[in-house]
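*Asks:* Dropping the structure in here first, questions after.
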Amino acid sequence: MLETWISPQDSRALWLTFKLAAITTLVLLLLGTPLAWWLARTRARIKLVIETLVALPLVLPPTVIGFYLLLLLGAQGPIQALGGPAFAFTFTGLVIGSVFYSLPFVVQPLQNAFASIGDATLEAAASLRAGPWDRFFTVVAPLSLRGFLTATTLGFAHTLGEFGVVLMIGGNIPGETQVVSIAIYDHVEAVDYASAHVLSALLLGLSFLLLISLYALDGRFRMRLS
Amino acid sequence: MAIELQFELERGEFRLRLDTQFPATGVTALFGRSGSGKTSLLRCIAGLEPGVRGRLRVNGDTWQDDTHCLPAHRRPLGYVFQEGRLFPHLSVRGNLEYGYRRIPPGQRRVHPEEVVELLGLGTLLRRRSDELSGGQRQRVAIARALLTSPRLLLMDEPLAALDAASKAEILPYLERLHGELSIPVLFVSHVMDEITRLADHMLLLEHGQLLAAGPLQELLTRGDLPLARADEAVSLVEAVVERHDDADHLSILGLNGMQLHLPRQQLAPGKRVRLGIHARDVSIALTPPVGISMLNCLAATVREVHAETRPGEVLVTLDLGGQALLARLTRRSVRSLGLRAGMPVHALIKSVALIEGR
């Protein structure tokens with residue numbers, strides 16, 4: 001039944017998009033948590049610069065990020081010159097690009113959550129024999145659940161809708177680097193509005209569902225906490 | 001058994017420089033004006049001030065010296081913060097168990113059942129910390145700290161954030177703590193009433209420096225310290241309940257062979273009590289007066305006549321069978337009686353306050 005609506009190539013693009021969003025979100029949570037923690041606690045002056053860099057993807061055209069990443073990761077780029085592989089036009093390249101593109105959507109909610117936990121609570125935990133890691137997992141993490149929830153949802157949803165960066169560094173290789181947003185663009189170019197409709201509606205519905213569940217959960221959180 | 005410390009801490013304008021020790025038994029009060037460094041000293045002891053240099057030894061164990069410094073979570077102490085600082089994501093039970101679970105079972109000397117009983121927390125265990133009153137929060141915070149079986153309990157004005165009713169509710173618990181668990185306590189306060197009720201020993205801070213350290217009774221009556229020179233100067237005297245005179249509704253207390261009369265108290269004979277006597281309530285006579293309504297007239301010796309506390313007013317320390325008693329007199333009386341150190345006199349005491357619970 002599904003095959004009548006979606007071509008095999010489109011379902012590959014859908015699968016690839018979800019895989020990309022899931023892996024990107026996971027990588028961002030792993031890298032973004034320590035970065036957000038550092039930003040929330042440090043008094044170093046370089047914090048200002050790092051915060052600005054993290055926020056840049058919010059305002060830059062994705063093609064600009066994509067362009068520089070292409071230069072960095074592509075053939076004859078510095079990474080390859082140093083003996084590394086060429087990441088451009090591979091799935092790994094897409095993950096790297098998406099990590100940059102969605103970075104602020106994960107780091108900022110986490111940073112806000114961490115900053116709202118004062119030193120006072122952490123000192124109390126230390127006086128009760130909790131070491132630094134113990135404090136993070138038993139005090140910081142449970143008190144930051146809302147932040148983690150927001151970061152995960154926004155990171156995932158934002159990566160689903162990625163277009164410009166992917167186009168620049170991923171190209172449009174079906175089954176390899178072609179994601180839904182680009183498949184939609186292709187269908188429109190080919191005046192295949194029916195296929196474009198199916199994919200667009202899917203993405204629209206899905207993003208709506210993700211966000212509404214986030215807001216619903218968030219509201220319940222807020223009620224429980226207040 | 002002592003806690004020896006030597007600290008140096010600089011933070012902007014503020015400077016803490018201390019080198020002292022206090023006994024690792026009973027309650028030691030840390031007294032001083034706000035900004036004198038009381039909280040900073042507690043934080044240094046707890047390992048919460050990263051900038052501090054110096055050394056700290058507790059019962060012979062070094063917690064900090066020039067070469068190493070135990071981080072806060074490795075110091076076997078309990079810290080009761082001014083604002084309680086309960087974990088908002090845990091129930092009262094969760095808060096109590098947080099520290100307890102981190103103590104190896106073999107080292108647990110204080111257990112949840114006894115602390116829950118001691119601090120009256122039985123009905124609160126399932127509550128969330130934001131559903132508690134101020135007094136209840138502080139009781140949970142004290143219980144939580146005690147459950148780490150600390151070798152030293154630090155309390156930073158645990159009553160300061162409370163209204164009078166909550167204070168009255170929590171003070172008896174603190175007194176029981178002292179009586180039933182032998183954990184030394186260092187207790188910050190700037191309220192004399194709390195200190196006279198709870199403390200045995202005192203550290204006096206001023207501008208980040210130690211002004212004096214010693215037994216509470218001694219420091220309260222030292223004429224060179226601001227405590228004795230204050231309007232509210234009070235002497236602490238220990239006495240034993242001897243008997244009650246129900247006909248006249250009086251309690252009779254023994255004090256080194258002498259007798260003190262108090263309005264009838266609910267106290268068992270034989271109990272040791274602590275009495276507070278204000279310097280302004282003590283007069284002096286050279287011979288035992290006759291035909292006088294005052295019941296309390298005790299033989300004493302002049303220990304020291306101090307400099308004037310204000311024009312025309314002189315502070316005198318008396319020796320009451322080994323215990324110090326302050327008397328505030330006019331300069332004219334001191335001159336006309338010819339008071340000198342070593343003179344036998346009679347102390348007329350207008351009113352005696354029983355300091356509860358001890």
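Read-outs throughout are calculated quantities, based only on the coordinates presented, and are distinct from any laboratory measurement. None of these values were measured; they are calculated from a predicted model. Positions of Cβ are generated from backbone atoms using ideal geometry, with glycine treated the same way; all protein chains shown enter the neighbour counts.
*Asks:* What ranking of B:His178, B:His244, B:His207 emerges when the number of other C-beta atoms within 10 Å of each C-beta is taken as an exposure proxy, fewest first?
*Replies:* With the fewest neighbours first, B:His178, B:His244, B:His207 line up as B:His207, B:His244, B:His178.
*Asks:* Per 0.36 nm of contour for each residue apart, how much would the distance between B:Arg55 and B:Arg33 grow if the chain were fully extended, relative to their Cα-Cα spacing?
*Replies:* Length gained between B:Arg55 and B:Arg33: 5.4 nm.
*Asks:* Here is a follow-up. So, counting K/R as plus one and D/E as minus one, what does the shell of residues with Cβ under 10 Å around B:Val234 add up to?
*Replies:* Net local charge, B:Val234 excluded: -2.
*Asks:* Over region B:257-358, what is the relative contact order in percent, taking alpha-carbon pairs closer than 8 angstrom and at least six residues apart?
*Replies:* 40 percent
*Asks:* Just report the Cα centroid separation between region B:167-213 and region B:5-31, whole Å.
*Replies:* Measuring centre to centre over Cα atoms gives 15 Å.
*Asks:* Okay, next question. So for region B:2-216: antiparallel DSSP bridges make up what percent, rounded to the nearest 5?
*Replies:* Antiparallel bridges: around 60 percent, rounded to the nearest 5.
*Asks:* What percentages make up the Cα-Cα pair-distance distribution of region B:2-216 when the bins are 5 Å wide from 0?
*Replies:* Cα pair-distance distribution for region B:2-216, in percent: 1, 7, 16, 20, 20, 17, 12, 6, 2, 0.
*Asks:* Could I ask something else about it? Pop out the Kirkwood hydrodynamic radius of region A:159-224 from its pairwise C-alpha distances, inverse of mean 1/r, in Å to one decimal.
*Replies:* Answer for region A:159-224: a Kirkwood hydrodynamic radius of 13.5 Å.
*Asks:* Next question, about the same structure. With the contact rule set at Cα under 8 Å and sequence spacing of 6 or more, what percent relative contact order holds for region A:8-225?
*Replies:* Relative contact order for region A:8-225 comes out at 31 percent.
*Asks:* Measure out, as a whole number of angstrom, how far apart the alpha-carbon centroids of region B:125-152 and region B:220-276 sit.
*Replies:* One Cα centre to the other: 34 Å.
*Asks:* What is the sum of charges, Lys and Arg at +1 and Asp and Glu at -1, for the other residues whose Cβ falls under 14 Å from the Cβ of B:Ser283?
*Replies:* Taking every Cβ under 14 Å from that of B:Ser283, the sum is +2.
*Asks:* To continue, here is another question. Quick one: what do you get for region B:291-358 if you divide its Cα Rg by 2.2 N^0.38 Å?
*Replies:* Relative to the 2.2 N^0.38 Å estimate, region B:291-358 comes out at 1.19.
*Asks:* Hey, what D do you get for region A:80-220 in µm²/s if you plug the Kirkwood alpha-carbon radius into Stokes-Einstein at 20 °C and 1.002 mPa s?
*Replies:* Here the translational diffusion coefficient equals 119 µm²/s.
*Asks:* Given the -39500 (n - 2.57) contribution per DSSP H run of 4+ residues, what per-residue ellipticity at 222 nm results for chain B, rounded to the nearest 500 deg cm²/dmol?
*Replies:* -6000 deg cm²/dmol
*Asks:* Let me know the charge dipole size of region A:8-225 about its Cα centre in debye, to the nearest 20, where only the beta-carbon of Lys, Arg (+1) and Asp, Glu (-1) is charged.
*Replies:* Rounded to the nearest 20 debye, it is 900 debye.
*Asks:* Whole angstrom only: what separates the Cα centroid of region A:156-171 from the Cα centroid of region B:85-99?
*Replies:* Centre-to-centre distance over Cα atoms comes out at 44 Å.
*Asks:* Given N residues in the protein assembly as shown, what is Rg(Cα) / (2.2 N^0.38 Å)?
*Replies:* Relative to the 2.2 N^0.38 Å estimate, the protein assembly as shown comes out at 1.43.
*Asks:* For the protein assembly as shown, build the charge dipole from Cβ charges (+1 Lys, Arg; -1 Asp, Glu) around the Cα centre, then report which of B:Pro344, A:Leu73, B:Ala199 sits farthest towards its positive end.
*Replies:* Towards the positive end, the residue furthest out is B:Pro344.
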